[in-house]
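Read through the structure below, which is laid out as structure tokens, and then see the notes.
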Protein chains: 2
Amino acid sequence: MFTLYNAARSSASFRMRVALNLKGLPFEYVAIDLRKGVQSREDYRRLNPQELVPLLDDGTAHLTQSLATIEYLEERYPQPPLLPHAPLDRAYVRGVALAVACEIHPLNNLRVLRYLVRDMQVSDEKKNIWYRHWVEQGLAQIEGGLVAGGRTGRYTFADQVTVADICIVPQIFNAQRFDCRLDHVPTVMRIFENCMQLAAFENARPEKQPDFVE
Amino acid sequence: MFTLYNAARSSASFRMRVALNLKGLPFEYVAIDLRKGVQSREDYRRLNPQELVPLLDDGTAHLTQSLATIEYLEERYPQPPLLPHAPLDRAYVRGVALAVACEIHPLNNLRVLRYLVRDMQVSDEKKNIWYRHWVEQGLAQIEGGLVAGGRTGRYTFADQVTVADICIVPQIFNAQRFDCRLDHVPTVMRIFENCMQLAAFENARPEKQPDFVE
């Protein structure tokens, strides 16, 4: 049995919920309230010194960093695969996943937005401009890569759901929440819509989690 | 023959240089001047629509995102391995690599620092405080994970050089350049010093590259 320490709105948590759903691995949901700072409390820090969600307990170890954890699931529970087979295709898929995880998401997570407002006295308006800037630019660059790569089908890689899709979908939820422009990334949005037809994504969305608050 | 489009000071480029050196794969060095915006020019964007370095041309494809490219090298050229063998150990190593690549580096790269100063009118002093905040906090969390994990030896994972070390070393170069505190992360610094004893790291350092400028 798996235990997932996570938060409804956290993108990286959303990724883990989708991955576990796709692999058909049931998990106990433990909500960590990021707004109350539960991730920095002593008992949680003992589990994850990085003070971040998600954290997956698979019964033998505590796994941190969503993409590292998804690679672990892929190695331990290979079916259905979340990566293609050929090395070049795997590099393409991992590249798209990392373009979200390294170029967009880190600039827009809660602790960074909080730091801008609380420690740098940035106005709410400027904070939102910051948010939209990185999302819109980052997604445009991903769109360019998807079009140039010529490998998309229903999903990022042909008709196979991969870790790239798992990263794209939560990022679009965030983009919509902050009213980002999305009409410049039609390929990304097509993939997003196709993913949301799948129960593994739909059941992982923030609004369906027990700790979701408007 | 490999061609690496990269920049002396870019951390992600530094990672790629180390990985290629460790794998014993010679490469042609093509310098991309990020300060002059060469990464956004039409001819480079055709190679990499993400407008980022590094970009590796292995003769069959253009590979983007350093961690995806390193995984590709690992699959195509497995010796010497840059990941451990057991899934849990691999997850630990990838987790440390991603803690650098997703939690620290994205907040401190050139385009983000530029945006803070040019578009958000943040003072140079505040920009430096921002820089040090994320580096010092991020490294502290990694230190906590390394100590709690109990797997370090000469390097992050026992005495095997891995992708975690490849991510840590360039981040420490950046930290030193911006006068970040480092006395709170003795385990990270021990790993850094041990890595710098190796020619693969030493030869990849920014100062030794043809496009380095003080």
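The values are calculated or read from the model by the stated rules, or taken from the named source; none is laboratory data. What you are looking at is a predicted structure, and each value in this text was computed from that prediction instead of being measured. All Cβ positions, glycine included, derive from the backbone under ideal geometry; neighbour counts span all protein chains shown.
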For the range A:65-73, check the following and say yes or no: at least one residue is β-branched (Val, Ile, Thr) and closer than 20 Å to B:Ala164 by Cβ. yes
Report the residue count in the range A:165-214 for those that are within 18 Å of A:Asn128 (Cβ to Cβ), in a helix (DSSP H, G or I) and among the aromatic types (Phe, Trp, Tyr). 1
Would you mind stating whether B:Thr3 is more than 13 Å from every other protein chain (Cβ to nearest Cβ), within 21 Å of A:Ala148 (Cα to Cα) and either touching a helix residue (DSSP H, G or I) at 6+ places or on another chain (Cβ under 9 Å) or of a type in the set (Ser, Thr, Tyr) (or both)? yes
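Could we say that B:Asp33 is at pLDDT 95 or above, more than 23 Å from A:Leu67 (Cβ to Cβ) and not polar (S, T, N, Q) here?
Details: at pLDDT 95 or above: no; more than 23 Å from A:Leu67 (Cβ to Cβ): yes; not polar (S, T, N, Q): yes.
Considered against the rule, which asks whether it is at pLDDT 95 or above, more than 23 Å from A:Leu67 (Cβ to Cβ) and not polar (S, T, N, Q), B:Asp33 comes out as no.
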Output for Cβ contacts, cut-off 6 Å, separation at least six or different chains, first residue outside the structural domain of A:Ser11 (by TED's automatic domain parsing) in the range A:148-170, second among the aromatic types (Phe, Trp, Tyr) and in a strand (DSSP E or B), reads A:Arg151/A:Phe157
Matching entry among A:Arg151, A:Arg114, A:Arg118, A:Arg132 (being more than 7 Å from chain B (Cβ to nearest Cβ), of a type in the set (Lys, Arg) and touching a Cys at 6+ places or on another chain (Cβ under 9 Å)): A:Arg132
Among A:Val100, A:Val96, the single one that is buried (at least 20 other Cβ atoms within 10 Å of the Cβ), over 14 Å from B:Ala101 (Cβ atoms) and more than 7 Å from chain B (Cβ to nearest Cβ) is A:Val96
Which numbered condition in (1) within 11 Å of another protein chain (Cβ to nearest Cβ); (2) touching a residue at least 12 places away in the same chain (Cβ under 8 Å); (3) under 30 Å from A:Ala148 (Cβ atoms); (4) not in a loop (DSSP other than H, G, I, E, B) is the only one that A:Leu88 fails? (2)
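Taking the stated definitions as given, is B:Asp33 surrounded by fewer than 21 Cβ atoms within 10 Å (Cβ to Cβ), farther than 19 Å from B:Val213 by Cα and of a type in the set (Asp, Glu)? So that I can check it myself, show each step before the final result.
Values: surrounded by fewer than 21 Cβ atoms within 10 Å (Cβ to Cβ): yes; farther than 19 Å from B:Val213 by Cα: no; of a type in the set (Asp, Glu): yes.
Judged against the criteria, B:Asp33 is not a match.
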I need the full set of residues from the range A:26-61 which are acidic (Asp, Glu) and within 21 Å of B:Leu88 (Cβ to Cβ), in order please. A:Glu28, A:Asp57, A:Asp58
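Take the residues in the range B:36-75 that are of a type in the set (Val, Ile, Thr) and modelled with pLDDT of 95 or more; name whichever of them is surrounded by the fewest Cβ atoms within 10 Å (Cβ to Cβ).
Step one: list which residues in the range B:36-75 are of a type in the set (Val, Ile, Thr), which gives B:38, B:53, B:60, B:64, B:69-70.
Right, trim to modelled with pLDDT of 95 or more and you get B:69-70.
Working: B:Thr69: 26, B:Ile70: 28.
Among those residues, the one meeting the criterion is B:Thr69.
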Which numbered condition trips up B:Asp159, out of (1) within 18 Å of B:Ser13 (Cβ to Cβ); (2) surrounded by fewer than 12 Cβ atoms within 10 Å (Cβ to Cβ)? (1)
Of B:Leu83, B:Leu139, which residue is within 10 Å of another protein chain (Cβ to nearest Cβ) and either closer than 23 Å to A:Ala101 by Cβ or part of a loop (DSSP other than H, G, I, E, B) (or both)? B:Leu83
Check off (1) over 24 Å from A:Ala158 (Cα atoms); (2) more than 7 Å from chain B (Cβ to nearest Cβ); (3) assigned to a helix (DSSP H, G or I) for A:Pro106 and give me the number that stays unchecked. (2)
Among the residues that make up the range B:100-119, is at least one of them under 17 Å from the mean Cα position of the chain (by Cα), polar (S, T, N, Q), outside the structural domain of B:Met196 (by TED's automatic domain parsing) and within 30 Å of A:Asn48 (Cβ to Cβ)? no
